[in-house]
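To start, the structure under review is shown below, and the notes come after it.
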Amino acid sequence: MDLDALGSCLAMPACVVTQTTSGLIVGMLLFLVAAGVTLIFGVLKIINFAHGTFYMLGGYVAYSVLGATDSYALAVVSGALATALGGVVFERALISRVYGSNVLMQLLICYAVVLIFDDLVKMVWGPEFHAMGMPSAFQVPPLFIAGGVVPPFYAVLVGIAALIAIVLALGLSMTRFGKTVRAAAINPQMVSALGINTTVLFAIVFAIGGGLAGLAGALAAPVRSLSSGMGFSILIESFIVTVIGGMGSIAGALVASLMIGMVRGFGTIGFPGFTDGLIYILMIAVLLLRPQGLFGRTL
Amino acid sequence: MKSRPALRDAAIATLALIVVLAIPLLHRSPAFEDFIIRLSAMALFATSLNLLIGNAGMVSFGHGLFYGLGAYAFALTMQLTELSLPVAIVVAMLITALAALGVGAICVRLGTDYFAFITLAVQMLFYSIIISWQSLTGGDQGLRGGIPRREIFGFELASQLHLYQFCAVIAVLGLLVLRHISASPFGQTLRMIRDNENRAGFLGIVLWRARLAAFTIAGAFAGVGGVLAALFVSGAYPELADWPNSGQAIFAVMLGGVNSFLGPVLGAMILLALNDVVTRFTEYHGLVLGLVILGFALGLRRGVLDFLKVAWPGRSR
């Protein structure tokens, strides 16, 4: 523990800006993954333990596409589209078979998918760590805000994630499709009886969830290293996000993701080596004080 | 049902123990003895988990915490103190039981879905503590330096034969106790909660208290499994508390059958054998294991023993 370092960092605008930026990056990437987890749970009551796999695949697909075309925009789009498609296939081929059966079956199927894809990634891309490197378009001098260093890519990344958050929130609350999704979350039979094809709806929800995770993976690829098994740590964190924010709440996922991001950003200064522990403590505190999560309905 | 099921169980356990102990007298096979040692750890681990899954309907994805904690608590007790081996095992069991009580106090009131991944998150917290507390646990290198060999009752656990006998005895005893617990009124209570928690609540059962008791017992016995694992590897490694280990236990439970007491033991046997065979042929053993799991989950939809029970409905248990 190093509270002096934390205090002196908080006193310096430059340090605050730098740590806030790195916290924002962590939080926004986490939000993209967790939003999918919470959306899928909210509508389908399925805990997608395989969600980290989409994040991993998005990163790897983007890595390969960037290598082949040298266009980062194309890499991100193809990473997101590939995992959206993967989400549909996963839902139709596997998860749709265990709707309504107990959580053990769902867990096992997701566990199997994680094992299979971790090995498939090793077979295709090799077991070693990969670094995508900063795309050439972003290899420009960093911005300076109040003396703090902010790489332009970080700003773009946060901007994209914030845009997605707004589109997702407005889409769910204002559009007809969003209303249908929210209705299906409460009573799928009734929605189906009203003539809406819930099979297609559920597949779309999985496509959105998978696509968001893949997008996060593609956006994370330049700033993090790629490895088989990279999906798992972000999966655990996105579970924590859904617990803190409340299951099925997009706003809760955003707030909780940013909280975790800030704990990571500033925790590395005040509590080096124990930031993971801080996050778990945060989660346990929320569980004890408000078990349904900050934005959740009562359990 | 026979009139004295406890006696019958004890007789079966004694018989099984005699057979297992007699095998090395007739034929020594290091590979087989290794297998039984690993199986005894895994069988306790999986069967204790099934007290939660099969009896109480609580799907814990973080049971590896107690397996790993048992291993670390035991290995550290042996390294740091002069206590004898049986005392160290009891200490390790107490520590895991206390930890399970603490974790359970947070988790057992949650709904099924939350429960599954909060247990997972708590396990990963424990895992990150192991990794970061290097001075005590040796970090990601694992706890090295071996476990001091203290002779007990003329046993020298450095000898593979003695370790084999020791593990077999502990595992059979542990399974017998778990069997007794699951057949007791307490076990019946858990099954009632699993099948209809509202009705159980109306009958005056305090749901969280029964669940917490089950969680604590299961944690303690997983800890004993961890002790055997620590004896086998002569140390403790963070992998023991990592999530794939919990996944393996769940798979063993499911593979053998959740509704049969011996299902998890059979599942652990199949899983270990499968791992041994697969790793001999390919480095991608996760791929093969994943496909097998998918086959079981989507094809059979229940474990082997449960499947046989449905196929021959005449026999109970």
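The values are calculated or read from the model by the stated rules, or taken from the named source; none is laboratory data. Being a predicted model, the structure only gives us computed values, none of them experimental. Please note: Cβ atoms are built from the backbone with ideal geometry, for glycine as well, and neighbour counts cover all protein chains shown.
Condition test on residue A:124, is it closer than 18 Å to residue A:57 by Cα, surrounded by fewer than 14 Cβ atoms within 10 Å (Cβ to Cβ), among the β-branched types (Val, Ile, Thr) and touching a residue at least 12 places away in the same chain (Cβ under 8 Å)? In short, yes. Scanning region A:250-285 for residues that are closer than 21 Å to residue B:120 by Cα, of a type outside the set (A, V, I, L, M, F, W, C) and not in a helix (DSSP H, G or I) yields a total of 1. Put simply, of A:33, A:43 the only residue that is crowded, with 24+ Cβ neighbours inside 10 Å, over 12 Å from the mean Cα position of the chain (by Cα) and away from chain B (no Cβ under 12 Å) is A:43. In the set (1) in contact (Cβ under 8 Å) with a residue 60 or more places away in the chain; (2) outside any helix (DSSP H, G or I); (3) more than 10 Å from chain B (Cβ to nearest Cβ), residue A:85 fails one condition alone, (2). Looking only at residues in region A:222-274 that are farther than 30 Å from residue A:120 by Cα and at the interface with chain B (Cβ under 10 Å from one of its Cβ atoms), the one that is modelled with the highest pLDDT is A:243.
Cβ separations smaller than 9 Å between residues 6+ apart or across chains give the following pairs from region B:13-42 residues that are part of a helix (DSSP H, G or I) to residues that are surrounded by 12 or more Cβ atoms within 10 Å (Cβ to Cβ) and of a type in the set (Asp, Glu): B:23/B:33; B:24/B:33; B:31/B:276; B:35/B:276. Residue B:186 falls short on exactly one of the conditions (1) touching a Leu at 6+ places or on another chain (Cβ under 7 Å); (2) at pLDDT 90 or above, and that condition is (1).
None of A:203, A:185, A:169 is touching a residue at least 40 places away in the same chain (Cβ under 8 Å) and more than 17 Å from residue A:35 (Cβ to Cβ) except A:203. Total residues in region A:133-171 satisfying the condition of being assigned to a strand (DSSP E or B) and either of a type in the set (S, T, N, Q) or in contact with a Leu (Cβ under 7 Å, 6 or more places away or on another chain) (or both): the figure is 1.
Any residue at all in region A:118-125 that's more than 12 Å from every other protein chain (Cβ to nearest Cβ), among the hydrophobic types (A, V, I, L, M, F, W, C), outside any helix (DSSP H, G or I) and out of contact with any His (no Cβ under 7 Å at 6 or more places or on another chain)?
No; the residues of region A:118-125 include none that is more than 12 Å from every other protein chain (Cβ to nearest Cβ), among the hydrophobic types (A, V, I, L, M, F, W, C), outside any helix (DSSP H, G or I) and out of contact with any His (no Cβ under 7 Å at 6 or more places or on another chain).
The condition of being modelled with pLDDT of 90 or more, loosely packed, with under 15 Cβ neighbours inside 10 Å and out of contact with any strand residue (DSSP E or B) (no Cβ under 6 Å at 6 or more places or on another chain) holds for only one of B:52, B:101, B:94, that being B:94. For residue A:104, the stated conditions hold: it is within 14 Å of chain B (Cβ to nearest Cβ) and either in a helix (DSSP H, G or I) or touching a residue at least 60 places away in the same chain (Cβ under 8 Å) (or both). Just so you know, in region B:115-136 the residues that are hydroxyl-bearing (Ser, Thr, Tyr) and within 22 Å of the chain's Cα centre (by Cα) include one that is nearest to the other protein chains (Cβ to nearest Cβ), and it is B:128. If only residues of region A:46-96 that are out of contact with any Cys (no Cβ under 7 Å at 6 or more places or on another chain) and polar (S, T, N, Q) are counted, the one that is nearest to residue A:26 (Cα to Cα) is A:53. Of all the residues in region B:251-271, those that are of a type in the set (Phe, Trp, Tyr) and either at the interface with another protein chain (Cβ under 8 Å from one of its Cβ atoms) or closer than 14 Å to residue A:115 by Cβ (or both) number 1.
The condition of being under 20 Å from residue B:226 (Cβ atoms) and of a type in the set (Phe, Trp, Tyr) holds for only one of B:186, B:115, B:166, that being B:166.
With respect to the conditions (1) part of a strand (DSSP E or B); (2) touching a Ser or Thr at 6+ places or on another chain (Cβ under 7 Å), residue A:184 lacks only one, and its number is (1). Of all residues in region B:208-220, those that are within 20 Å of residue B:43 (Cβ to Cβ) have Cβ atoms under 6 Å from Cβ atoms of residues that are assigned to a helix (DSSP H, G or I) and of a type in the set (S, T, N, Q), 6 or more apart or on another chain, in B:218/B:48; B:219/B:96; B:220/B:96. Pairing each residue of region B:272-297 that is within 7 Å of another protein chain (Cβ to nearest Cβ) with any residue that is acidic (Asp, Glu), provided the two are 6+ apart or on different chains, yields C-beta distances under 6 Å for B:284/A:119; B:286/A:118; B:286/A:119; B:287/A:119.
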